[in-house]
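Since the structure comes first, as structure tokens, the remarks are kept for the end.
The values are calculated or read from the model by the stated rules, or taken from the named source; none is laboratory data. All values reported here derive from a predicted model rather than from experimental measurement. Here the Cβ positions follow ideal geometry from the backbone for every residue, glycine too, while neighbour counts run over all protein chains shown.
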Amino acid sequence: MATTALPQARSYRRAAAYDWITTVDHKKIGIMYVISSFFFFLVGGVLALVIRTELAAPGLQFVSEQTYNSIFGLHAVNMIFLFVMPMLTGLGNYIVPLQVGAADMAFPRVNALSLWVFLAGGLLIESSFLFGGAPVGWTMYAPLSTHVPETGVNLLVLGLIMTGISSILGSINFLVTIFRLRAPGMSLLRMPMFCWTQLVTSVLLLFSIPVVTAGLIMIFIDRNYGGGFFEPALGGNPILWQHVFWFFGHPEVYILILPAFGIVSEIIPVFSRKPLFGYKAFVVATASIGALGFTVWAHHMFTTGAVYLPFFAFFTFLIAVPTGVKFFNWLATMWGGKLTFDTPMLYACGFIALFLIGGLDGAFLAVVPFDFMVQDTYWVVSHIHYVLVAGSVFAIMAALFYWFPKMTGRKLDERLGKVQFWVLFIGTNLAFFPQHLLGLDGMIRRIADYSANAGWSELNFLSSVGAFVIAFAILIFLWNVFSTLRSPANAPDDPWDANTLEWATTSPPPVYNFDHLPPIRSERPVFDLKHPGTGHAPAAASLAVTEGPVQ
Amino acid sequence: MTTPVDGITAGHGSETDSGHGAKGMDIALMGMLLFIASEIMFFAALFGVYFNVRSSAAVWPPEGTEFVSWQGSGLFGLGLSVLITIILVSSSFTMQWATDQIRKGNRTGMNRGLAVTLGLGILFLCLMMTEYYLYVTVDDFGVNSGVYGSLFYVMTGFHGAHVLGGIIGIAVVLARGMRGQFSSEHHVAVEAVHYYWHFVDVVWVFLFLTIYVLR
């Protein structure tokens, strides 16, 4: 070894950056997904603060109505397409190959392509700010989206098509990885729940994104080449866009939440010291949510009068069943467990408590007469934020605290983490609970201003305070990450005493992930390894492996 | 290094080391099939939009678009669309033949089959462009000629783009085939492209029936 030529040291620094740009390693790509989506999260967060500042009091104080129209739409686009989706993809990228015991994703180069296409699409979407904004909302309803003159709308449409292509490539990659690269012994029913949710999510992406891509292309053609798809004067139909959009848009909300379910299902068993209650029921529930997700799109269109209400209302109610199954799975897992409340567990519990509120809001919206009353009010805004902030964001926070030691070899500060949890928990409820009441009071979404005598001022002010509390929680998190990364690597390979294969290798794992794998006899191979003679582990199986992977 | 008693030594050689061995579907082939699944949804959306617009239109197809038909002034009163349909369907057979040849280990046969398929594909695209040219110049029928024009050009145009993608794929496997890179055991790329080409062909059959025959 000592004879290896060393004078290449000077070019090494450049090589490190080059290495990140050209890498096909699923772990580096995953980390780049996480970092870039967090950047877009901050952009979307600043937009949210602008919205809440403007709405804190009646009157137009800070932005014009035209600017406001761009801001709320791009806030949603940032949060949905450029933060939650790629963040969950990034976590999946890092974790899924490790959890199934593979050395990388099935198509590493396609994986890198997905990342860079996503980034290019994301920057294209952000660039719409420079070209007049995109005052069309995230739903881009025709004929508004086909008629507003801003160039920014074209950029938004093109950027969304690109992020869609990235998602399709990514989902193919996940599916093939899960179907073909699982380690010996890991049957589909021994797969960690996070992998199951990524599998179902990938199927949803694969079947829904092409549909909205077709629709976006039609909008682009209507806007730029005189197309008539959504133009009544030319024989087209604006409601048709809503069908195309929501055929994607409803599976999309499960795309945003199913991996979050998976994360919570990974964390709760670990911090309850019990296996996940009803593993198979959970798998069936996940698959059912995925399948039912394609039957309910028109519940976003009840008030158009163009859809058959009983059908879509029935299937919307039906989705509450598998979701309820999951809640009972989580609660039964915790029941009688030896609970410890580290930060990931706190976030998982917060998720259960608050997502329930968001889910019940959704069940209310399935009631047709109620939906007619609160259509396009702040009730809907409150619902979406309870499922996406209190749901997806809480789960993402749980995941970042849970897997940070695996990714960096460092544990985030627990004390700061717990403070951050409570600040975020209070901020979320403060920001979004008053919006229920505003919705019932008739406050319409997407308005930049409201009358001082409408009686909405106090609740709006509370909601705005909540938004800044959330922002403070995110600052605590950023400080936590920053200070942890500056401290020495202190995390052991398995800091949480966890169950799944990613904890059977070093923190962070080597490029090739595993020197050797423990025998896989259940969905908890690492638990079996640490506790010979119990559960699924034969007593002899772990004779020599206890010391873990070498180097 | 301690060797696990019942553990498995993980391979570091390549990302395809899965412990599955040679059994089961090839990774790249599965990727192609999933990609085709997403493409099916893309065209399903186009067809869905087509039939939605068609079902709510008072008159369909709109008056003055009689030229979009399988009938025409050509041989036996058939239109250009029939000819290009025959060309594309035949190319599916030659593609299948080429794939069968390499499965038997006949490299020359595969190359010939691929070359013929490539030629038919290019011919299809050229004739399609001719049809577009005639529609635009003679009949003044463009993508902005109402929703019917938009649907016609977007549906056939995206299919044409997929044919172009298939042509590029065939060109790549043909170039590799001429260098002797395939054998009866190793020809995943040929299999993948042949799946894709059949998909493109089937989509055209539905497009032809929908746009030119059913109208």
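Pairing each residue of the range B:179-200 that is in contact (Cβ under 8 Å) with a residue 60 or more places away in the chain with any residue that is in a loop (DSSP other than H, G, I, E, B) and of a type in the set (Lys, Arg), provided the two are 6+ apart or on different chains, yields C-beta distances under 7 Å for B:Ser184/B:Lys104.
Screening A:His383 with (1) more than 21 Å from the chain's Cα centre (by Cα); (2) assigned to a helix (DSSP H, G or I); (3) without any contact (Cβ under 8 Å) to a residue 40 or more places away in the chain gives one miss only, at (1). Please indicate, with yes or no, whether at least one residue in the range A:340-350 is without any contact (Cβ under 8 Å) to a residue 40 or more places away in the chain, exposed (fewer than 14 other Cβ atoms within 10 Å of the Cβ), part of a loop (DSSP other than H, G, I, E, B) and not hydrophobic (A, V, I, L, M, F, W, C). Taking every residue of the range A:340-350 in turn, none turns out to be without any contact (Cβ under 8 Å) to a residue 40 or more places away in the chain, exposed (fewer than 14 other Cβ atoms within 10 Å of the Cβ), part of a loop (DSSP other than H, G, I, E, B) and not hydrophobic (A, V, I, L, M, F, W, C).
Residue-by-condition table, conditions (1) among the aliphatic types (A, V, I, L, M); (2) farther than 17 Å from A:Phe194 by Cα; (3) at pLDDT below 95; (4) assigned by TED's automatic domain parsing to the domain that holds A:Tyr279:
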position	(1), (2), (3), (4)
A:Asn329	no, no, no, yes
A:Thr340	no, yes, no, yes
A:Ile352	yes, no, no, yes
A:His385	no, yes, no, yes
A:Ser392	no, no, no, yes
A:Asp413	no, yes, no, yes
A:Leu416	yes, yes, no, yes
A:Phe421	no, yes, no, yes
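If I ask for residues that are acidic (Asp, Glu) and closer than 18 Å to A:Thr377 by Cα, which ones from the range A:451-504 would you list? Within the range A:451-504, just A:Glu458 meets the criteria.
Please list, ordered by residue number, the helices (runs of 4 or more DSSP H) wholly in the range B:104-215 having 3 or more residues that are polar (S, T, N, Q) and within 14 Å of another protein chain (Cβ to nearest Cβ).
Values: elements: B:107-137, B:146-178, B:188-207.
By residue number, no helices (runs of 4 or more DSSP H) qualify.
Candidates B:Gly177, B:Gly160: the one that is modelled with pLDDT of 95 or more, small (Gly, Ala, Ser) and under 16 Å from the mean Cα position of the chain (by Cα) is B:Gly160. Only one of the numbered conditions (1) away from chain B (no Cβ under 14 Å); (2) among the hydrophobic types (A, V, I, L, M, F, W, C); (3) outside any helix (DSSP H, G or I) is not met by A:Leu189, and that is (3).
More than 26 Å from B:Ser183 (Cα to Cα), crowded, with 20+ Cβ neighbours inside 10 Å, small (Gly, Ala, Ser) and more than 14 Å from chain A (Cβ to nearest Cβ) - does that describe any residue in the range B:64-77? No: the range B:64-77 contains no residue that is more than 26 Å from B:Ser183 (Cα to Cα), crowded, with 20+ Cβ neighbours inside 10 Å, small (Gly, Ala, Ser) and more than 14 Å from chain A (Cβ to nearest Cβ). Being in a helix (DSSP H, G or I) and farther than 16 Å from A:Ile470 by Cβ holds for only one residue in A:Ala395, A:Ala363, A:Ala390, A:Ala431, and it is A:Ala363. Among the residues of the range A:473-501, those that are touching a Gly at 6+ places or on another chain (Cβ under 7 Å) and in a helix (DSSP H, G or I) comprise A:Ala473, A:Ile474, A:Asn480, A:Leu501. In the range A:90-113, the condition of being modelled with pLDDT of 95 or more, closer than 21 Å to A:His385 by Cα and surrounded by fewer than 24 Cβ atoms within 10 Å (Cβ to Cβ) is met by no residue.
Kindly indicate which of B:Gly13, B:Gly21 is at pLDDT below 95, more than 8 Å from chain A (Cβ to nearest Cβ) and on the phi > 0 side of the Ramachandran plot.
Values: B:Gly13 fails: on the phi > 0 side of the Ramachandran plot.
Selected residue: B:Gly21, the only one of B:Gly13, B:Gly21 that is at pLDDT below 95, more than 8 Å from chain A (Cβ to nearest Cβ) and on the phi > 0 side of the Ramachandran plot.
A:Tyr254 meets each of the listed conditions (1) out of contact with any Ser or Thr (no Cβ under 7 Å at 6 or more places or on another chain); (2) at the interface with chain B (Cβ under 10 Å from one of its Cβ atoms); (3) surrounded by 21 or more Cβ atoms within 10 Å (Cβ to Cβ) apart from (2). One residue stands out in the range A:305-321 among those that are surrounded by 16 or more Cβ atoms within 10 Å (Cβ to Cβ) and among the β-branched types (Val, Ile, Thr): the one that is farthest from A:Gln242 (Cα to Cα), namely A:Ile319.
Please tell me if A:Val50 is in a helix (DSSP H, G or I) and either in contact with a strand residue (DSSP E or B) (Cβ under 9 Å, 6 or more places away or on another chain) or within 20 Å of A:Tyr512 (Cβ to Cβ) (or both). First the steps, then the outcome.
Numbers: in a helix (DSSP H, G or I): yes; either in contact with a strand residue (DSSP E or B) (Cβ under 9 Å, 6 or more places away or on another chain) or within 20 Å of A:Tyr512 (Cβ to Cβ) (or both): no.
For A:Val50, the condition - in a helix (DSSP H, G or I) and either in contact with a strand residue (DSSP E or B) (Cβ under 9 Å, 6 or more places away or on another chain) or within 20 Å of A:Tyr512 (Cβ to Cβ) (or both) - is not met.
Considering only the range A:297-309, I want to know if a residue exists there that is in contact (Cβ under 8 Å) with a residue 24 or more places away in the chain, within 11 Å of chain B (Cβ to nearest Cβ) and not aromatic (Phe, Trp, Tyr). There is at least one residue in the range A:297-309 that is in contact (Cβ under 8 Å) with a residue 24 or more places away in the chain, within 11 Å of chain B (Cβ to nearest Cβ) and not aromatic (Phe, Trp, Tyr).
Do we have any residue at all in the range B:60-75 that's among the charged types (D, E, K, R) and in contact (Cβ under 8 Å) with a residue 60 or more places away in the chain? Step through it out loud before you land on a result.
Step one: of the range B:60-75, the residues among the charged types (D, E, K, R) are B:63, B:66.
With in contact (Cβ under 8 Å) with a residue 60 or more places away in the chain added as a condition, the list becomes none.
No, every residue in the range B:60-75 fails to be among the charged types (D, E, K, R) and in contact (Cβ under 8 Å) with a residue 60 or more places away in the chain.
Within the range A:467-488, is there a residue that is within 14 Å of another protein chain (Cβ to nearest Cβ) and modelled with pLDDT of 90 or more? No, the conditions are met nowhere in the range A:467-488. What's the number of the condition A:Phe315 fails, among (1) closer than 21 Å to A:Ala390 by Cα; (2) free of Cβ contacts under 8 Å to residues at least 24 places away in the same chain? Of the numbered conditions (1) closer than 21 Å to A:Ala390 by Cα; (2) free of Cβ contacts under 8 Å to residues at least 24 places away in the same chain, the odd one out for A:Phe315 is (1).
Taken over the range A:13-31, the residue count meeting the criterion of being modelled with pLDDT of 90 or more, part of a helix (DSSP H, G or I) and charged (D, E, K, R) is 2. Looking at the structure I just gave you, is A:Ala291 free of Cβ contacts under 8 Å to residues at least 12 places away in the same chain and within 25 Å of A:Leu91 (Cβ to Cβ)? For A:Ala291, the condition - free of Cβ contacts under 8 Å to residues at least 12 places away in the same chain and within 25 Å of A:Leu91 (Cβ to Cβ) - is met.
The combined condition, being in contact with a strand residue (DSSP E or B) (Cβ under 9 Å, 6 or more places away or on another chain) and in contact (Cβ under 8 Å) with a residue 12 or more places away in the chain, is not fulfilled by A:Gly92. Among the residues examined, A:Gly73 does not qualify as among the small types (Gly, Ala, Ser), buried (at least 19 other Cβ atoms within 10 Å of the Cβ) and out of contact with any Gly (no Cβ under 7 Å at 6 or more places or on another chain). Considering only the range B:101-118, I want to know if a residue exists there that is within 12 Å of the chain's Cα centre (by Cα) and surrounded by fewer than 17 Cβ atoms within 10 Å (Cβ to Cβ). The answer is no, given that none of the residues of the range B:101-118 is within 12 Å of the chain's Cα centre (by Cα) and surrounded by fewer than 17 Cβ atoms within 10 Å (Cβ to Cβ). Across the range A:221-239, the qualifying residues are those that are surrounded by 20 or more Cβ atoms within 10 Å (Cβ to Cβ) and of a type in the set (Phe, Trp, Tyr), and the one among them that is nearest to the other protein chains (Cβ to nearest Cβ) is A:Phe229.
Within the range A:147-157, not a single residue is in contact with a His (Cβ under 9 Å, 6 or more places away or on another chain) and surrounded by 24 or more Cβ atoms within 10 Å (Cβ to Cβ).
Tell me yes or no: at least one residue of the range A:253-262 is within 26 Å of B:Val49 (Cβ to Cβ), assigned by TED's automatic domain parsing to the domain that holds A:Phe394, part of a helix (DSSP H, G or I) and among the small types (Gly, Ala, Ser). Talk me through it step by step, then tell me what you get.
So the first thing to find is which residues in the range A:253-262 are within 26 Å of B:Val49 (Cβ to Cβ), and the list is A:253-256.
Going one step further and asking which of them are assigned by TED's automatic domain parsing to the domain that holds A:Phe394, we end up with A:253-256.
With part of a helix (DSSP H, G or I) added as a condition, the list becomes A:253-256.
When the remaining residues are screened for being among the small types (Gly, Ala, Ser), the result is none.
No, the conditions are met nowhere in the range A:253-262.
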